[in-house]
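The numbers here are math on the coordinates, done by the rules we state, and not lab data. Computed from a prediction, not measured in an experiment: that's the story for all the values here. Here Cβ is always computed from backbone atoms with ideal geometry, including for glycine, and neighbour counts include all displayed protein chains.
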Amino acid sequence: MEDPMVSSSTGAMNSLLDKLGVLENRYPDLAEGVRESLKSLSDVLHSFARQRTRNSLINEWMLQVREVVYDMEDWIDGDPSKAKLDDVEEQIEEFKAQIQGARDRCTRYGLLSSIEPSTTCALQDDAETRESVAMDPKLLHGEAPCRLVGSDELRNVLVNHLMDQEERRKVVCIVGTGGIGKSTLATGIYRQLQGQFSCGAFVHLGRNPSVKMTLISILKQVMPDWHCEEYLWNGYNSEDMEAWDEKKVINKLWAFLKTKSYFVVLVDMRSISTWKKISCALPNKDKSSDRILVTTCTKDIAESCCIHPGDFVHPMERLSEKDSKTLFHSKLPVSEQHRLLE
């Protein structure tokens, strides 16, 4: 049976290469070199796909490449010609950096040793001429390491903004390219602060989230005893929740949170419309200490989340190579970590 990760990774790459002509035709100067870089990654992906066994490092790398490919394909499908030229240029440069980051990591961690020499040489030669970029491990739903990578100063800055004396709902947003540790930082902050609120929730949105299921996830987390008799009596039966329409979920969540202090973390926000729908379900009360922490790769989304005085947007810089390696290693089995240190 075909490995689903192989199928989705290589298939997505083939689809993106087919669609890349749209970008090259509209922005030939900006898109220069993108196809060659993607083709090089594609060769490596297909080489790994032909292998019967792959270690955890290779699997993690393939997942990272797949996410970059999906992001590029979604952006092209969304018709970038509708955006401002400066925004298009910034987005293409970001994609180039992410592609190069994947190429560099493939070389740096010795993943090429098991594939054809011609592919290995082509990737290594190019990687040696570029600056490395941090990676994007999946640091979600309690899987992130408790220890944050890099300086504690940034965490303290964000915690201070979240725990200030502002007496209304406040939104803090971390914005930056994929793979720089936004999710790790958000997870650490959530673990540190969740006990200081009446209730809390940590949700990863990602690609094409269901707003209704996201809100149900928040509802179940802020109301951990939802299965007790009191909540069942008031119509919170878990088996019924999924049958509710979106409006009912919003009303139930809003009604529950209106008398609570809450801390909600929304990781990987990719749509302004998604934010607006979720925001409607999170009460904006006077004389409250409610807090929302959002991570996103997009400046426009961050600014749409933080529209009130006192809200705070923090642009997050890339990790150093040392911290990037530490973050990458933290997601691998102990046996793989030992192998890299040998």
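Taking amide H atoms as placed 1.01 Å from N in the peptide plane, list the residues 5 or more away in sequence, or in a different chain, whose amide H sits under 5 Å from that of ILE174. Residues meeting the amide H criterion: VAL294, THR295, THR296, HIS314. Averaging the Cα positions of each part gives two centres, and for segment 236-291 and segment 23-44 these lie 41 Å apart.
Rounded to the nearest 20 debye, the dipole size of segment 152-315 about its Cα centre is 280 debye, using +1 on the Cβ of Lys and Arg and -1 on the Cβ of Asp and Glu. Amide H to amide H, with H built 1.01 Å from N, VAL265 comes under 5 Å of ALA201, PHE202, VAL203, LEU293, counting only residues 5 or more places away or on other chains. Cross-link check: pairs LYS82/LYS299; LYS212/LYS277; LYS212/LYS285; LYS170/LYS285; LYS182/LYS260; LYS212/LYS247 evaluated at a Cα-Cα cut-off of 20 Å; pairs beyond the cut-off: LYS212/LYS285; LYS182/LYS260. In the distance distribution for segment 152-315, Cα-Cα pairs more than 24 Å apart total 31 percent.
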